[in-house]
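These notes are about the structure you will find just below.
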Amino acid sequence: MKYVERVLKNLKKQNPNEPEFHQAATEILTTLAPVVEKHPEYEAAGLLERFVEPERVVMFRVPWVDDKGRVQVNKGYRVQFNSAIGPYKGGLRFHPSVNLSIIKFLGLEQILKNSLTGLPIGGGKGGSNFDPKGKSDREIMAFCQSFMTELFRHIGADTDVPAGDIGVGGREIGFLFGQYKRIRDEHVGVLTGRGLTYGGSLVRTEATGYGLVYITEEALKMRGDSFKGKTVVISGSGNVAIYACEKAQSLGAKVVAMYDSNGYIYDANGIKLDVIKDIKEVRRARIKEYANLVPGSTYTEGCKGIWTIPCDIALPCATQNEIDEASAQTLVKNGVKYVAEGANMPSTLEAIDVFQKAGVVFLPAKAANAGGVATSALEMAQSSGRMFWSFEEVDAKLKNIMVNIYHNIDNAAKEYGYEGNYVMGANIAGFVKVATAMMAHGIV
Ligand code: NDP
């Protein structure tokens, strides 16, 4: 049996009941076969076996008291996956669906994504099955303080630097940072996505969405095209979706649909982003209100239907596995030309296959949404240098990073004979750097 197949088979056997982790590992490892064939020394050094095994997994109890005085208990996780090229770095997700499988899939993806940014950051991920929806600010604070009361001993500015993800935005990072600072008595860059008054970086809020559009813009440009006049569908209406919409609109695209976990809105005249921001960022309400506020728009219950809306460019920005094979086929039938993943693993393996066979330009998450973590690394650089860069400065660096990622994955795909296959390109380009560092460190 070939090396990659053997590692994958063993991984599934040793980590049963972790379907998301299996899915991500399958996607990654199967594309690395040409690299490990070229480098037999990797097999001799057990490199892939070590690559798919987290360096450390921390699981802990998070007890807190709700507004009715009842004790609640959640699960906390931090997977410190790989520190070969820098301190562990990756977000925290608070969502009822969170389990070890999801955190491990995200952590594994994060290793290669962080490598692709070209910055010195390793891969990690964490979170909790806590559901922030419907909780008061006091309950959110109580939860965050309890979560950090355990997490603080595992993280540090040079060890592991968490950030936000689904359910963890500026408010949660503030409470987490406050508790860390109180326990450790140090004001350091231990979390990114911090507020601008306490060490945050300009553009971090916008970074993932803007970065997604910058890399798609570069893919369009290389084909003599642009966002101007394009019809775009964006799933989600959270941090990534909102700023992808903002940047795509500023480049002349018409974004016609978005959703939250209850249903989607369609506005043939182009989404009014100020209305979405007010609903989602200010009032934390449901997207369905949009249809009442904007004449001519409609709301449909349920999410999947969004992929039946014809578009030139689809930007899935909500969550994993939101585009399945059938949705991918519908998108292709309706003429989609570009799919760029803002969310992590939003397309199933079957959906990716449909896009690639149809000649759709498919930009996978680890390349397309790397702008968030790249800007987090820029926040770390500003923190340790006690500097504060302007919006224009950070935005220019972000754009430059995304353009470089595009050419890096394009070149890697070409080098290995898979021109235009950016799944191959991203996995290979990200892996080679990590593998080289791991080989240099010996068997650790
Ligand atoms: P947010 O919590 O800000 O927004 C998530 C959005 O997705 C919301 O609109 C939410 O709807 C929707 N959503 C969440 N779960 C589901 C579900 N199961 N079905 C349908 N809709 C769902 O998260 P982010 O915008 O930060 O993250 C979105 C994606 O981008 C995630 O995959 C994340 O891992 C990825 N990502 C985020 C980065 C960042 O910098 N924030 C960086 C790189 C990747 P509702 O409001 O109803 O919950």
TODO: Evaluate the following for V35: is it of a type in the set (A, V, I, L, M) and over 20 Å from D160 (Cβ atoms)?
DONE: yes
Open item on the list: Which of the numbered conditions does D353 fail, given that it passes all the others? Conditions: (1) assigned to a loop (DSSP other than H, G, I, E, B); (2) farther than 28 Å from P132 by Cα.
Closed with: (1)
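So which residues in the range 414-444 are β-branched (V, I, T) and either part of a helix (DSSP H, G or I) or surrounded by 14 or more Cβ atoms within 10 Å (Cβ to Cβ) (or both), if there are any at all?
Filtering the range 414-444 for residues β-branched (V, I, T) gives 423, 428, 432, 434, 436, 443-444.
Selection gives V423, I428, V432, V434, T436.
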Open item on the list: Going residue by residue through the range 317-329, is there one that turns out to be more than 22 Å from I215 (Cα to Cα), of a type in the set (A, V, I, L, M) and open to solvent by less than 30 Å² (accessible area, probe 1.4 Å)?
Closed with: no
Open item on the list: Please verify whether I352 is over 26 Å from L119 (Cβ atoms), at pLDDT 95 or above and either touching a strand residue (DSSP E or B) at 6+ places or on another chain (Cβ under 9 Å) or among the aliphatic types (A, V, I, L, M) (or both), treating the condition exactly as stated.
Closed with: yes
TODO: Among the residues of the range 171-210, count how many are away from the ligand (no atom under 12 Å from the Cβ), open to solvent by less than 20 Å² (accessible area, probe 1.4 Å), assigned to a helix (DSSP H, G or I) and of a type outside the set (S, T, Y).
DONE: 2
- [ ] Kindly check whether there is at least one residue in the range 95-107 that is modelled with pLDDT of 95 or more, under 24 Å from K397 (Cβ atoms) and within 13 Å of the ligand (Cβ to nearest atom).
- [x] no
Open item on the list: Given the condition under 24 Å from P87 (Cα atoms), surrounded by fewer than 18 Cβ atoms within 10 Å (Cβ to Cβ), within 14 Å of the ligand (Cβ to nearest atom) and of a type outside the set (A, V, I, L, M, F, W, C), answer yes or no: does some residue in the range 147-160 qualify?
Closed with: no
TODO: Could you grab the pairs with beta carbons closer than 8 Å, sequence gap of 6+ or different chains, first residue in the range 151-171 and closer than 17 Å to F60 by Cα and without any contact (Cβ under 8 Å) to a residue 40 or more places away in the chain, second one part of a helix (DSSP H, G or I) and not hydrophobic (A, V, I, L, M, F, W, C)?
DONE: F152/Q179; F152/Y180; F152/R184
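The values are calculated or read from the model by the stated rules, or taken from the named source; none is laboratory data. For clarity, every value in this text was computed on a predicted model and none was experimentally measured. As a convention, Cβ positions derive from the backbone with ideal geometry for all residues, glycine included, and neighbour counts pool all protein chains shown. Ligands, DNA and RNA are excluded from the accessible area calculation, which covers all protein heavy atoms including side chains. Shrake-Rupley method; radii C 1.70, N 1.55, O 1.52, S 1.80 Å.
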